[in-house]
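Q: Pasting in a structure now, in structure tokens, and then I'll have a few things to ask.
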Amino acid sequence: MTAIRSVVLGCGSYLPERILTNAELASKVDTSDEWIVQRTGIKQRHIAADGEFTSHLAIKAAQAALANAGVDAQSIDLIVLATSTPDNTFPATAVAVQNALGITHGAAFDLQAVCSGFIFGLTTADSLLRTGAGKRALVIGAETFSRILDWTDRGTCVLFGDGAGAVVLEAQTQPGEASDRGVLTTHLRSDGRHKEKLFVDGGPSSTQTVGYLRMEGREVFKHAVGMITDVIVDAFKATGASAETIDWFVPHQANKRIIDASAHKLHIAPQKVVLTVDLHGNTSAASIPLALSVAVNDGRIKKGDLVLLEAMGGGFTWGSALVRW
Ligand code: ACO
């Protein structure tokens with residue numbers, strides 16, 4: 001029995017040029033490199049330039065992914081862009097990417113699941129490809145969180161950065177077995193009881209302003225590891241995979257302590273964990289495709305590898321995906 005799978009043809013990413021180090025942040029708010037590194041593992045983050053928007057980062061990441069996949073933009077008939085920091089309230093930032101790539105067919109839309117956005121976007125694109133709604137998709141995570149940070153709040157402004165990452169997916173008929181390439185399983189969750197633990201205090205319908213990110217850091221931390229590990233166990237149960245059989249663990253890069261605790265609880269060997277939070281900070285929906293790009297480019301992730309992805313973020317939302325590269 002065959003199955004249609006969404007196979008990853010390539011990935012790419014883009015980071016703004018400007019790097020903001022912990023030392024520089026410490027000259028603006030009451031914090032220190034030592035505090036930030038010890039609590040989060042973050043050493044620096046990239047910050048978009050004036051006039052550089054989420055769409056600009058997304059376009060560069062998409063172009064890099066297309067080049068890495070070796071396919072022409074005209075073959076893309078679906079663009080799903082995960083972001084919480086769109087250029088405008090509407091239209092979707094995805095249509096700016098579509099336009100910049102010269103694509104006038106198919107569909108492009110944004111998806112909002114905060115830090116879980118890439119997993120939600122991957123799941124959505126995979127579902128559409130498997131039902132025949134498209135043949136090739138770009139799934140992009142792109143953010144300019146620097147624009148929604150309260151730069152006087154040391155509890156949040158040290159955590160986030162800007163960036164974008166993208167993957168190209170292609171619907172391919174595979175044997176329908178665990179050894180298939182492509183997205184093998186995805187699991188999405190949300191629980192709105194926690195919506196005030198991590199949110200932005202503005203919006204078009206409520207305040208007619210953009211607002212700033214607000215977070216109860218300890219509350220987020222308290223729930224993160226349990227939610228992440230639950231949804232990974234779901235992925236393992238659905239596929240028969242395990243901590244031993246996966247080749248790489250590419251988590252959402254929020255905080256090294258959350259990543260370490262999740263990997264430890266699941267008995268995932270530290271050498272299988274791809275970490276970029278030290279250099280990128282938390283880039284929300286962009287963090288997973290940024291980390292994928294790093295590990296593909298440095299030769300760690302290779303064709304045929306079993307790659308476990310997970311994310312958790314505002315809402316709360318959380319999810320996992322298991323992909324054979
Ligand atoms: N520098 C120095 N001191 C600070 C800073 C800072 N940047 N931020 C807070 N503090 C102080 C606080 O004021 C407090 O001081 P007090 O004891 O005098 O009141 C002290 O440090 C402890 O504050 P807590 O908030 O309790 O610190 P905690 O150990 O919980 O660490 C952190 C804070 C890093 C935010 C942690 O709670 C965390 O990692 N939470 C998860 C949040 C996260 O990753 N969010 C990302 C989005 S969600 C996601 O992507 C999963």
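Q: Can you give the accessible area of PHE199, probe radius 1.4 Å, in Å² rounded to 10?
A: For PHE199, solvent-accessible area is about 80 Å².
Q: Of LYS135/LYS237; LYS256/LYS302; LYS43/LYS256, which sit over 22 Å apart, Cα to Cα? List each step's numbers first, then the result.
A: Values: LYS135/LYS237 28 Å; LYS256/LYS302 24 Å; LYS43/LYS256 11 Å.
The pairs that break the limit, which is 22 Å between Cα atoms, are LYS135/LYS237; LYS256/LYS302.
Q: Right, here's the next one. Please grab the % of Cα pairs in the stretch 79-224 that end up more than 19 Å from each other.
A: 60 percent
Q: Hey, another quick one. Could you state how much accessible area MET312 has, in square angstrom rounded to the nearest 10, with a 1.4 Å probe and all protein chains kept in place?
A: 20 Å²
Q: If you don't mind, there's one more thing I want to ask. So if we plug the beta-carbon distance of GLU52 and THR207 into 1/(1 + (r/R0)^6) with R0 = 30 Å, what FRET efficiency do we get, rounded to 0.05?
A: 0.75
Q: Sort GLU219, GLU52 by accessible area with a 1.4 Å probe, largest first.
A: The ranking, largest first, comes out as GLU219, GLU52.
Q: Taking just the alpha carbons, could you work out the radius of gyration and Dmax for the stretch 140-271, both in angstroms?
A: 18.0, 55
Q: Same structure again: Sort SER32, SER284, SER27 by accessible area with a 1.4 Å probe, largest first. Please list the in-between numbers first.
A: Working: SER32 45, SER284 0, SER27 90 Å².
Final ranking, largest accessible area leading: SER27, SER32, SER284.
Q: Given the options GLY217, GLY226, GLY51, which has the most mean-square fluctuation in a GNM of the chain, springs set between C-alpha atoms less than 10 angstrom apart?
A: The residue that fluctuates most here is GLY51.
Q: Answer rounded, prolate or oblate for the stretch 197-237, using the Cα gyration tensor with square roots of eigenvalues a ≥ b ≥ c: rounded when a/c is under 1.5, else prolate when a/b is larger than b/c, else oblate.
A: Numbers: a/c = 6.02, a/b = 2.32, b/c = 2.59.
Judged from the Cα gyration tensor, the stretch 197-237 comes out oblate (a/c at least 1.5, b/c at or above a/b).
Q: Now for a separate question. Give the cross-link partners of LYS60 among the aspartates and glutamates, using a straight C-alpha distance below 16 Å as the criterion and excluding same-chain residues fewer than 8 apart.
A: List returned: GLU17, GLU52, ASP72, ASP87, GLU143, ASP162.
Q: Quick one: if you stick a label point 7 Å off each Cα along the C-beta vector at SER27 and ASN99, how many nm between them?
A: It is 3.9 nm.
Q: A further question on this structure: Sequence gap at least 6, Cα distance under 8 Å: using those rules, report the relative contact order of the stretch 1-128 to the nearest whole percent.
A: 25 percent
Q: Non-local amide H neighbours of PHE160 (under 5 Å, H modeled in plane, Pro and chain starts lacking H): which ones?
A: The answer is ASN282.
Q: Still on this model: Hey, rough spin-label estimate for ALA3 and THR152, points 7 angstrom out along Cα→Cβ, what's it come to in nanometres?
A: Going by the 7 Å Cα→Cβ label model, 5.3 nm.
Q: Given contacts defined as C-alpha pairs under 8 Å and at least six residues apart, what's the relative contact order of the chain, whole-number percent?
A: Values: 821 pairs, mean separation 84.0, N = 325.
So the answer I get is 26 percent.
Q: Next question, about the same structure. Under a point-charge model restricted to the Cβ atoms of Lys and Arg (+1) and Asp and Glu (-1), what is the dipole moment magnitude of the chain relative to its Cα centre, in debye to the nearest 20?
A: 500 debye
Q: With a 1.4 Å probe and every protein chain kept in, tell me what percent of the accessible surface of the chain is carbon plus sulfur.
A: 53 percent
Q: Take the alpha carbon atoms of the chain, find their radius of gyration, then divide it by 2.2 N^0.38 Å using N residues; give the quotient.
A: On the way: Rg = 18.4 Å, N = 325, 2.2 N^0.38 = 19.8 Å.
Relative to the 2.2 N^0.38 Å estimate, the chain comes out at 0.93.
Q: Looking at the chain, send over the antiparallel percent of its DSSP beta bridges, to the nearest 5.
A: Of the beta bridges lying entirely in the chain, close to 75 percent run antiparallel.
Q: Also: Note down the relative contact order for the stretch 76-227 as a percent, whole number, built from C-alpha pairs under 8 angstrom at least six residues apart.
A: Details: 226 pairs, mean separation 31.7, N = 152.
RCO, the stretch 76-227: 21 percent.
Q: Could you compute Rg(Cα) / (2.2 N^0.38 Å) for the stretch 229-299, with N its residue count?
A: Compactness ratio reported: 1.09.
The values are calculated or read from the model by the stated rules, or taken from the named source; none is laboratory data. A quick note: this is a predicted structure, and the numbers were derived from the prediction, not measured. In this analysis, Cβ positions are derived from the backbone assuming ideal geometry, glycine residues included, and neighbour counts consider all displayed protein chains. Remember, those area values only see protein heavy atoms, side chains included, never the ligands or the DNA or RNA. Shrake-Rupley method; radii C 1.70, N 1.55, O 1.52, S 1.80 Å.
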